[in-house]
Amino acid sequence: MLLTIIVAAFETYAVVTIAPLVAADLDALRWYTWIFSAALLPQVACTVFFARMVDRRGLAQAHVAGLVLTTAGLAIAAWAPTMALLIAGRAIQGIGLGAIVNTAYASITLVLPDALHARAFSLLAGAYVVPAIVGPLITGVLADAFGWRSVFLALILAVCVIPLLTIKPLRAVRKPEVGAALGASLWHTSGLSVGLATATWGLSNLGKPYGIALAVVGAALVLAMVTKTLPGVIRFRSGKPAALLARGLTMAVFVGMEAILTYALTSRHHLSVTAVGFAISTSAVTWTAASWLSSRWDDRSGGANRGRRVLVGATIVLVAESAILLIPVVESATTAFLIAICGHAIAGFGIGMVEPTTGVIIMSTASSGSAGATAFEMQLVDLIAPALTVALVGAAIATVGSGREGAAVEIAVSLQLLVALISAIGASRIRQPAAS
């Protein structure tokens with residue numbers, strides 16, 4: 001499954017790198033945030049479907065479905081002459097990636113003993129290293145030389161290699177026992193998707209009379225559905241709910257930071273796509289180093305102090321996000337570039353502590369028959385929180401308007417800091433005993 005995660009990581013970094021080019025070429029800066037949101041929102045509704053497929057039919061079927069959908073979505077995005085069609089392609093692509101990630105998480109529980117889960121999640125995090133280092137650089141070179149469409153075409157070739165190496169091993173994995181039902185239904189996750197889409201649409205149109213109303217209604221629907229699908233998370237309940245909250249919000253800040261950096265460095269300081277790609281890639285080394293250290297600490301401590309490691313990691317991300325406030329202020333593009341590199345590298349170390357550690361905490365609660373259900377919960381928070389923060393970033397960009405890029409970045413970063421603070425509060429609850 002490492003190859004699958006590597007390709008998924010390549011896709012993530014590639015899209016982040018070329019997003020400003022896509023929006024500019026299609027004359028749709030207003031819809032900048034939808035380049036990201038379009039891939040996130042459909043996953044929320046479909047994740048429960050693929051989680052049930054894993055638990056009832058095994059890993060192979062969900063994996064194949066994910067590969068087919070991802071390829072179709074990439075093809076549509078590569079061809080799309082308008083932003084509407086590109087968004088449609090990204091939506092299909094996002095559903096496929098959701099299935100791929102779900103099978104990767106579930107395979108850890110189904111194949112490996114509990115003692116190896118920490119190392120497995122560290123290894124999955126390590127799969128992001130090569131894509132994060134060379135992905136943005138390759139993307140920048142391709143986009144500068146052949147245009148952004150060539151990036152989607154290259155990703156199709158990469159996806160086509162995956163089934164040659166993964167299908168046979170996945171078929172050999174034992175089918176899970178029939179376990180606990182998912183705590184969510186397709187209605188709940190569909191409601192989440194509708195709520196997220198409504199909030200995103202409203203935030204993208206705050207300058208219009210209906211914008212605020214749509215944002216409020218969408219946010220209220222999201223809160224109501226999260227209460228149903230992820231019990232205890234909204235209330236900061238200690239234990240697993242707190243781990244889910246800290247994981248989702250910390251990942252949201254990290255994803256939002258990448259969107260902000262890409263926009264700020266290209267629009268405010270007019271750096272090339274290749275340079276922006278390099279700045280984004282700096283987090284890979286620190287993310288991997290932190291994941292490796294977390295795995296070592298877990299082995300030596302026997303799993304003790306996991307909550308403390310998550311809290312430290314979330315705090316590091318908060319500090320790194322604060323540094324991004326300097327980018328719109330400085331006049332020198334070189335100085336802004338160096339700030340971006342350092343800030344994103346620090347954030348990478350923080351997320352490298354949070355992501356694998358919370359993964360171990362959450363997946364340790366799964367039985368054999370509920371591997372897909374537990375992976376669903378973890379994947380759901382990985383989708384919901386980033387979708388909302390990306391929408392906030394897009395709202396700042398769309399509302400403030402062109403010509404005031406610095407102000408847009410300052411507003412977006414300030415909102416991100418609030419999310420990072422809530423994440424740290426959630427992390428502080430993990431180490432406390434679960435409520436009986």
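Rule-based calculations on the coordinates, nothing more; no lab input. None of these values were measured; they are calculated from a predicted model. Glycine gets a Cβ as well: all are built from the backbone with ideal geometry, and neighbour counts include every protein chain shown.
Computed values, structure above
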| read-out | value |
| --- | --- |
| Computed label-point distance, nm, for sites S364 and V134 using a 7 Å Cα→Cβ extension | 3.6 |
| Only Lys, Arg (+1) and Asp, Glu (-1) charged, at Cβ; the chain dipole about Cα centre in debye | 1160 |
| Helix-derived mean residue ellipticity, 222 nm - over the chain, DSSP H n ≥ 4, -39500 (n - 2.57), to 500 | -27500 deg cm²/dmol |
| Per-residue Cβ neighbour rank within 10 angstrom, fewest leading, E331, E410 | E331, E410 |
| R0 of 35 Å, Cβ-Cβ distance A24-T227: FRET efficiency to nearest 0.05 | 0.30 |
| Segment 1-121 - Rg over Rh from alpha carbon coordinates, Kirkwood radius | 1.04 |
| Cβ-Cβ FRET estimate between F236 and D144, R0 fixed at 56 Å, reported to 0.05 | 0.75 |
| Residue (of V381, S301, G98) at the positive-pole extreme of the chain, dipole from beta-carbon charges | S301 |
| Peptides ranked, highest mean first, by Cβ atoms within 10 Å: ranges 299-308, 284-293 | 284-293, 299-308 |
| Pairwise FRET efficiency - C160 versus L85, Cβ, R0 = 25 Å, nearest 0.05 | 0.70 |
| Segment 201-247 and segment 3-76: distance between their alpha carbon centers, rounded to Å | 21 |
| Ranked F146, F36, F49, F236, criterion: other C-beta atoms within 10 Å, fewest first | F146, F236, F49, F36 |
| Residue (of L40, L26, P81) at the positive-pole extreme of segment 2-428, dipole from beta-carbon charges | L40 |
| Expected-Rg normalisation [2.2 N^0.38 Å, Cα atoms] applied to the chain | 0.90 |
